[in-house]
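Just so you know, all these numbers are worked out from the coordinates, no wet-lab data involved. Since we're looking at a predicted model, the values are computed, not measured. Here the Cβ positions follow ideal geometry from the backbone for every residue, glycine too, while neighbour counts run over all protein chains shown.
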Amino acid sequence: MSGKESPETATPFAALADELAGLEGEGLRRRRRVLDSPQQPRVTVEGREYVAFCSNDYLGLANHPALVAAAREGAELHGVGSGASHLILGHSRAHHDLEEALAQFVGLPRALTFSTGYMANLGAVTALVGREDAVFADRLNHASLNDACLLARADFRRYPHNDTAALERLLAASRARHKLIVVDAVFSMDGDVAPLAELAALAERFDAWLYIDDAHGFGVLGPQGRGTLAQAGISSPRIVYMATLGKAAGVAGAFVAAAPEVIETLVQRARTYVYTTALPPLLAHTLLASLALIRAEEWRREQLRSHIAALKSGLAQSRWKLLPSDTAIQPLVIGANDAAMAVAKALESAGLLVPAIRPPTVPAGTARLRISLSAAHTGEDVARLVGALNALQ
């Protein structure tokens, strides 16, 4: 008999099973781990303790006692669920106060909260542009931005990574009604920063709008953690700024900040805002406490910068290439998928969790360890990781 099932015995999803087997064979199938402890540098995963270098908790706030207390207080004040979409009856005083605080913090007129960064990108981009418009996107943008551009049904043009000359040519050739430049401020798999000042100048020159996703810069970069706009020292009414609140802020959600007419357009048209239940108000209340810590505790960013410098120095002679990044994201390129997985597995055996990132998330042949540093790591944690990596070469 052949190895194939007969039509009578085949499952309805046999084709999917074959595709999953193909991923397994290529070393590309992903698996979830079960985290038994709070998110912090030392975690318990499925009964074993590790030092983790794989979270977006860049400032070490996800398990901060002040935020835990604020969440309890928020639940007492507002309950657990919001109970409705923002436009029905789910927009609480906590949401309102958070939006005002976020707008003030990033120096833009108004802000609007979303349940996730993915939803913020999908909702904002599709609300701002459509079939008669054009979107210009960096080739290394996050999947949520690419999906947003596709869903907008605008003319979708991608330019080589951080190549402003190529972008300039695309903008000059466009006759679209509205032009929207879409870019990650900090690129999630490479850790480098977009040339925001040049992009803002191009937006001004070609009468375009500039949408900036600062998921990995907010809270970490710029004075008081105000993000990449503050770090670059740029201000423009053409900027639409998005940042997430589940990374450096340590909680959940996202926001878009921009001119009043932009935010009001999103309130009316952003489908991921209009047609979903609002973020639990207790989380909005907690984020107000998080924002205060981000603003006040500069030592967290100083600690993070110290860890970045120590990692770079410790891996300076490595045969694996540490990509040029001054952010909390430090990618170490291994090359082949199986080699990256083997290094990650060896680190895991040594009690260190560092994720191996493989295609299609990164280009073929550039599988890497994505080392994520946190202010909550200790110097000893970083030294232990450096020592383990050097011992594997």
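Kirkwood hydrodynamic radius of segment 288-393, from the reciprocal of the average inverse Cα-Cα distance over all distinct pairs: 14.6 Å.
In a DSSP loop and with at most 10 other Cβ atoms within 10 Å, the trypsin sites (Lys or Arg not before Pro) in segment 99-195 are Arg131, Arg175. For segment 102-216, the share of DSSP beta bridges that are antiparallel, to the nearest 5, is 5%. Per residue, the convex hull spanned by the alpha carbons of the chain comes to 183 Å³. By the beta-carbon count within 10 Å of each Cβ, the least crowded to most crowded order of Ser188, Ser318, Ser325, fewest first, is Ser318, Ser325, Ser188. In the chain, helical runs assigned H by DSSP with n ≥ 4 each contribute -39500 (n - 2.57); averaged across all residues and rounded to the nearest 500, the mean residue ellipticity at 222 nm is -12500 deg cm²/dmol. I want the antiparallel fraction of DSSP beta bridges within segment 65-296, as a percent rounded to 5. Around 40 percent of the beta bridges assigned by DSSP in segment 65-296 are antiparallel ones. When segment 200-319 is described by a simple charge dipole with +1 on each Lys and Arg Cβ and -1 on each Asp and Glu Cβ, the residue from Val274, Ala258, Gly217 located farthest towards its positive end is Gly217. With a cut-off of 17 Å on the backbone N, the residues of segment 232-251 near the modelled label site 7 Å out from Ala292 along Cα-Cβ are 249-251. The calculated P(r) of segment 65-296, using every Cα pair and 10 Å bins from 0, goes 8, 35, 36, 16, 4, 0 in percent. Percentage of Cα-Cα pair distances in segment 226-334 greater than 16 Å, rounded to whole percent? Distances greater than 16 Å cover 72 percent of the Cα pairs. 3J(HN,Hα) couplings calculated from phi for segment 110-122 with the Karplus curve 6.51 cos²θ - 1.76 cosθ + 1.60 (θ = phi - 60°) are, in sequence order, 9, 9, 9, 8, 10, 6, 8, x, 4, 5, 5, 5, 4 Hz; Gly and Pro show x. Number of Lys-Lys pairs in the chain with C-alpha atoms under 30 Å apart and a separation of 8 or more places or on different chains: 7.
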